[in-house]
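Enquirer: The structure under discussion is supplied below as structure tokens; questions concerning it will follow.
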Amino acid sequence: MEFDQNQFRADLLEAIESGVGTDWTWDDDDLEEYEVPTFDSNWALSQVLEVLQKYGIYHEV
């Protein structure tokens, strides 16, 4: 497989972005719920490792 740097970057970015999400939180002062951004680093890391394995850069031992 020929290394496609642009596809690698796209796959890596997608893996990192997969950890981004939102959650709801309650503000006691305003007495309302609102969305806050979240980042699941464990999920994102697992996805990044899959991309690195796909391109033969990382191998589990």
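The values are calculated or read from the model by the stated rules, or taken from the named source; none is laboratory data. What you see is a predicted model, and the numbers here were worked out from it, not measured in a lab. All Cβ positions, even for glycine, are placed from backbone atoms using ideal geometry, and neighbour counts span all protein chains on display.
Enquirer: It is to be established whether one or more residues within the stretch 27-46 are of a type in the set (A, V, I, L, M) and on the phi > 0 side of the Ramachandran plot.
Expert: So far as the stretch 27-46 goes, yes, one or more of its residues are of a type in the set (A, V, I, L, M) and on the phi > 0 side of the Ramachandran plot.
Enquirer: Can you tell me which residue in the stretch 23-61 is farthest from ASP4 (Cα to Cα), limited to those that are within 13 Å of the chain's Cα centre (by Cα) and of a type in the set (Ser, Thr, Tyr)?
Expert: Step by step, filter the stretch 23-61, then rank; the result is THR38.
Enquirer: Can I ask one more? Can you name the residue in the stretch 35-61 that is assigned to a loop (DSSP other than H, G, I, E, B) and either out of contact with any helix residue (DSSP H, G or I) (no Cβ under 9 Å at 6 or more places or on another chain) or of a type in the set (Val, Ile, Thr) (or both) and, of all such residues, is modelled with the highest pLDDT?
Expert: Across the stretch 35-61, the extreme among qualifying residues is ASP40.
Enquirer: Identify, from the list ASP40, ASP11, ASP23, the residue that is surrounded by 10 or more Cβ atoms within 10 Å (Cβ to Cβ), in contact with a strand residue (DSSP E or B) (Cβ under 8 Å, 6 or more places away or on another chain) and of a type in the set (D, E, K, R).
Expert: ASP40
Enquirer: Suppose we keep only residues that are charged (D, E, K, R), without any contact (Cβ under 8 Å) to a residue 12 or more places away in the chain and part of a strand (DSSP E or B) within the stretch 15-34. Which one would you say is nearest to LYS54 (Cα to Cα)?
Expert: Among those that are charged (D, E, K, R), without any contact (Cβ under 8 Å) to a residue 12 or more places away in the chain and part of a strand (DSSP E or B), it is GLU33.
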